[in-house]
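Every number in this text was worked out from the coordinates using simple rules, so none of it is lab data. Owing to the predicted nature of the structure, the values given are computational and were not obtained by experimental measurement.
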Amino acid sequence: MGLLRLKAIPQKISFQKTNKLVHPLGKEMTRFIVVLGTTSHSGKSTIVAALCRILKNRVLAVAPFKSQNMSLNSWVTSEGREMGIAQAVQAEAAGVEPTELMNPSYI
């Protein structure tokens, strides 16, 4: 499972007093997108990386998140901490520095 956290750039999408994202046409938007799959190796991480890049290119600030990762492939952050390599690739696609907080339970 992958989760993206979206933070809007003010000139495109705005926050109302209720702290909800609002599209320029007045439609309410979600702050999170969840990507789910029925099996391992079904392409969830690849889809999340693609969504990170697409949303970044649409002037949205995006950050990937995966609460638990049981992968054997790890990435060492600039602070010397471990995280899943898929989340590191997703962070790069989103244009943000990979941090272990994007993958807090790395087993």
Between Ser71 and residues 5 or more places away or on another chain, which pairs have amide H atoms under 5 Å apart, with H built 1.01 Å from N, and which residues are they? Ile107
HN-Hα couplings for the range 78-93 via Karplus (6.51, -1.76, 1.60; θ = phi - 60°), in whole Hz with x for Gly/Pro, come out as 5, 8, x, 9, 9, 8, x, 5, 4, 5, 5, 5, 5, 5, 4, 5
Along the range 34-49, Karplus-curve 3J(HN,Hα) (6.51, -1.76, 1.60; θ = phi - 60°) to the nearest Hz, with x for Gly and Pro, reads 10, 10, 10, x, 8, 9, 6, 6, 9, x, 4, 5, 5, 5, 5, 4
